[in-house]
Amino acid sequence: MSLLPRTAEEFSSAEYWERFFKKRGERAFEWYGDYNKLCGVLHKYIKVQDKVLVVGCGNSELSEQLYDVGYKHLTNIDISETVVAHMNQRNAERRPDLTFHQVDATQTPYEDASFQAALDKGTLDAMASEEEGALARRMITEVGRVLKVGGRYVCVTLAQEAVIKLAVEHFVHMGWAVRLHCLQEERGKEEEDTFALPVFVLVCTKFRQPMPTPILEMCVGDDGAPVRHTQVCELLSAVREYQAYSVLRKRLRTSTDPGSSLSLTLCNAKTGLPRYTLTVQDCPPGAKVPRSNQFAIFIVPRGSETAWLYSSTEGRRQLAASANFRRLVIASMHRNQEYTDMQAVQSELSPVVMDLAPPGMPTNQQVPFLSVGGDLGWREEVSRGVSQLSGEYCVENVRGEDGELYRRLVFLSNISLVQSESRLIPSASSHKKKNKKKTKAAVTPSACLSVDSGFLCCAHHEVMVAGLSMLGVGTPQNKDVPVSVLLVGLGGGGLPQFLRDFVPDAAVEVVELDPVVLEVAKEWFGFRPDDRLTVTLGDGLERICFLEKEGGHLFDVIMFDVDNKDSSVGMSCPPAAFVETAVLQKVFNLLTPRGMFILNLVCRDPVLRKDVLERVKSVFPTVLSRKIAEEINEVLLCSREEKNAAHILPSLSQAAKNFQSMLSCDRTEPKRRPLIDIAEMIKDLKLE
């Protein structure tokens, strides 16, 4: 590695290359690959009879190998006197017509339009660092001058962003066609000292009349089908993706890292849309893995991508440990993509996954595909739209791993997060229709399904409901006492509707910022506002400020269940402004003397969580917390009253029994009991 430049600027220095070749001696330096790696793409664009200018030839054997296979019209130029003298001497007897000249590539002595092709292996990269790219621009301008109409500039490059941007923009401005080939390292050829970045071949074709619309194409390999791009930025983005994949591939093929979960997305070749997400999970060192269990692929059932086992780092580690392979690749399928069956998915992924195999695994070893139940799962999109506040969304029905059907609202800006979820059951009308041919795999049509309002899919919603035990709901002394609730955040409406339908004398006001969410809840999640369940459209903070300023309207319970759109903060629920001390004080002021504040907190940052908790405790004298198993969520139950620490948790046990016994039947038809275990939800409460 000591032979390589210490800084990028040295690449374009004549003095550097003089020192380089004197130190290198007669050993050929195959910059960015040898003839065997490049021949496929070179033969495609450079004809044997073409007159070819080889720019910055160095002491590479490439020109000699091209000469030996029939290319007899090669003119080789280089800035280094040492290398030119050496190459002429080396080829004087065997290749007398192969000539090398000391020429500055930015000002050559050749006539206009005197070559059919110009071949450049690394020279553009070397020059681009000099004079803020001015030297490289002079070189490619000179290349354009000496090429005939229809001639091609064929440049082997690492395609660093500044370099490839300079060249592509130059040739697009000149009206040339631009195509890039990405040449990946062959499987099994990776070594510790090889380049992590892939080699690209830039092919620019000169036209008699400049092209009015840019032709920008990307190919994988020397014969891959070209993918057309409309803008330079799109082409550069594709280059970055291939570079990132190559670095990841090199890392995976040369090392293991149980502590990280590396992911990559595979896109549909025709549409460019995401098709698979692959996450790599290595087993921990020292694990007893059978010798034959080197590598496996796990196919996540459609609709289960957001499950803790597949979406969290801890869950994936648990999955990998149970599978007991040295490396497990977890493959998730994307929305808006068609998948025929498990066999088709395996056939599609098989050519790709060997790139991700652990180091030392033979390339011909069979890789098993694992799954749950042997099928792909089921997902049906029933609606799609756009919210001005939250972006594009979709409503979908999925079959869970428990065999039940669920309906979900997902904002596509964060596809790993389910915004709202409800369980589906056959509607009352569908009970009257008998289907004697129904099979296990059959899926009930959407029109025959309705939302089960007695089932809360989210565990944190169950804890928020169970928290009403602290109010003494269900005790004899509170019989027929109304419960007023202010809830910020509607989602699909499952939580407020549960409170209205199953908590006697409950009156709920929901504040929702996004009118689209309200319409989705009504149309797809069976949300039915009435005199006991009202919705105020607007900002939750503004509503709280208004109510406090207005005075006279107090609530027994105030709940925050609102997500944070700012993904840069380590707290995804609620937005930071909702837990500022001043806001918490307003919440306190809006509560009745027995009232309580219930917060759904999702915070990955332990320092931020500690800060939020300290602010909450500075306002509320009693704070209980309940972490949700296998999730980041935790629920804070904050009482306006100061409760005796020694008695609060034991007394909640009896309160939970009272609350459970008085939950009423759903007032809708058919009547149903709520499916919630209050005692289970409060048993792990912790006094903060």
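The values are calculated or read from the model by the stated rules, or taken from the named source; none is laboratory data. From a predicted model like this one, the values you see are computed outputs, not experimental measurements. All Cβ positions, glycine included, derive from the backbone under ideal geometry; neighbour counts span all protein chains shown. In case anyone asks, the SASA skips ligands and DNA or RNA and just uses the protein heavy atoms, side chains included. Shrake-Rupley method; radii C 1.70, N 1.55, O 1.52, S 1.80 Å.
What to note about this one:
- Yes/no for T313 being closer than 26 Å to E380 by Cβ and among the hydroxyl-bearing types (S, T, Y): no
- Residue within the stretch 610-626 that is farther than 27 Å from T581 by Cα and touching a Ser or Thr at 6+ places or on another chain (Cβ under 7 Å) present: no
- Taken over the stretch 254-294, the residue count meeting the criterion of being within 26 Å of L376 (Cα to Cα), surrounded by 12 or more Cβ atoms within 10 Å (Cβ to Cβ) and either outside the structural domain of A344 (by the TED database) or of a type outside the set (A, V, I, L, M, F, W, C) (or both) is 14.
- Count - residues of the stretch 612-627 that are open to solvent by 10 Å² or more (accessible area, probe 1.4 Å) and assigned to a loop (DSSP other than H, G, I, E, B): 1
- Once the stretch 78-121 is narrowed to residues that are in a loop (DSSP other than H, G, I, E, B) and touching a residue at least 60 places away in the same chain (Cβ under 8 Å), the residue that is nearest to K44 (Cα to Cα) is S114.
- When residues of the stretch 393-408 are limited to those that are assigned to a loop (DSSP other than H, G, I, E, B) and in contact with a Gly (Cβ under 9 Å, 6 or more places away or on another chain), the one least open to solvent (accessible area, probe 1.4 Å): G400
- Of residues in the stretch 320-353 being of a type in the set (G, A, S) and surrounded by 14 or more Cβ atoms within 10 Å (Cβ to Cβ), the one farthest from N397 (Cα to Cα): A321
- Residue within the stretch 242-252 that is touching a Phe, Trp or Tyr at 6+ places or on another chain (Cβ under 7 Å), farther than 30 Å from W176 by Cα and open to solvent by less than 50 Å² (accessible area, probe 1.4 Å) present: no
- Subset tally (residues that are open to solvent by less than 10 Å² (accessible area, probe 1.4 Å), hydrophobic (A, V, I, L, M, F, W, C), at pLDDT 90 or above and over 20 Å from F578 (Cα atoms)) for the stretch 489-507: 3
- Of all residues in the stretch 545-584, those being touching a residue at least 40 places away in the same chain (Cβ under 8 Å) and charged (D, E, K, R) number 5.
- If the condition is being in contact with a helix residue (DSSP H, G or I) (Cβ under 8 Å, 6 or more places away or on another chain), exposed (fewer than 15 other Cβ atoms within 10 Å of the Cβ) and either within 21 Å of E161 (Cα to Cα) or not acidic (D, E) (or both), then the stretch 222-241 contributes only R240.
- Residue check for S304: over 21 Å from E348 (Cα atoms) and touching a residue at least 24 places away in the same chain (Cβ under 8 Å): no
- Within the stretch 261-278, the residues that satisfy the criterion of being among the hydroxyl-bearing types (S, T, Y) and in contact with a Leu (Cβ under 7 Å, 6 or more places away or on another chain) are S263, Y276.
- Among the conditions (1) part of a helix (DSSP H, G or I); (2) assigned by the TED database to the domain that holds L356; (3) not basic (K, R), the only one that E234 does not satisfy is (2).
- Residues that are closer than 20 Å to C39 by Cβ and of a type in the set (G, A, S) were ranked within the stretch 78-123; the one that is surrounded by the most Cβ atoms within 10 Å (Cβ to Cβ) is A118.
- Number of positions in the stretch 367-392 that are among the small types (G, A, S), surrounded by 13 or more Cβ atoms within 10 Å (Cβ to Cβ) and under 13 Å from V300 (Cβ atoms): 2
- Matching residues in the stretch 76-117 - criterion: being closer than 24 Å to G151 by Cβ, among the β-branched types (V, I, T) and out of contact with any strand residue (DSSP E or B) (no Cβ under 6 Å at 6 or more places or on another chain): I79, T99, T106, T108
- Residue within the stretch 142-155 that is hydroxyl-bearing (S, T, Y) and under 25 Å from E81 (Cβ atoms) present: no
- Count of the stretch 124-157 residues, restricted to those that are crowded, with 19+ Cβ neighbours inside 10 Å and polar (S, T, N, Q), is 2.
- Within the stretch 528-559, the set of residues being hydrophobic (A, V, I, L, M, F, W, C) and assigned to a helix (DSSP H, G or I) comprises L541, I544, C545, F546, L547.
- Note on the stretch 457-488: among residues that are open to solvent by 10 Å² or more (accessible area, probe 1.4 Å) and within 33 Å of the chain's Cα centre (by Cα), the one that is nearest to S653 (Cα to Cα) is E462.
- When the stretch 516-530 is limited to residues that are touching a residue at least 24 places away in the same chain (Cβ under 8 Å) and more than 34 Å from the chain's Cα centre (by Cα), the one that is farthest from S387 (Cα to Cα) turns out to be D530.
- The set of residues in the stretch 524-577 that are touching a Pro at 6+ places or on another chain (Cβ under 7 Å) and hydroxyl-bearing (S, T, Y) is empty.
- Of all residues in the stretch 476-487, none are assigned to a helix (DSSP H, G or I), free of Cβ contacts under 8 Å to residues at least 40 places away in the same chain and closer than 22 Å to L409 by Cα.
- Residue list for the stretch 457-491, restricted to those being out of contact with any strand residue (DSSP E or B) (no Cβ under 6 Å at 6 or more places or on another chain) and on the phi > 0 side of the Ramachandran plot: G472, G474, D480, G489
- Among the residues of the stretch 159-182, those that are in a strand (DSSP E or B) and within 16 Å of T230 (Cα to Cα) comprise A177, V178, R179, L180.
- Restricting the stretch 583-611 to residues that are closer than 22 Å to E314 by Cα and either aromatic (F, W, Y) or in contact with a Gly (Cβ under 7 Å, 6 or more places away or on another chain) (or both), the residue that is surrounded by the most Cβ atoms within 10 Å (Cβ to Cβ): C603
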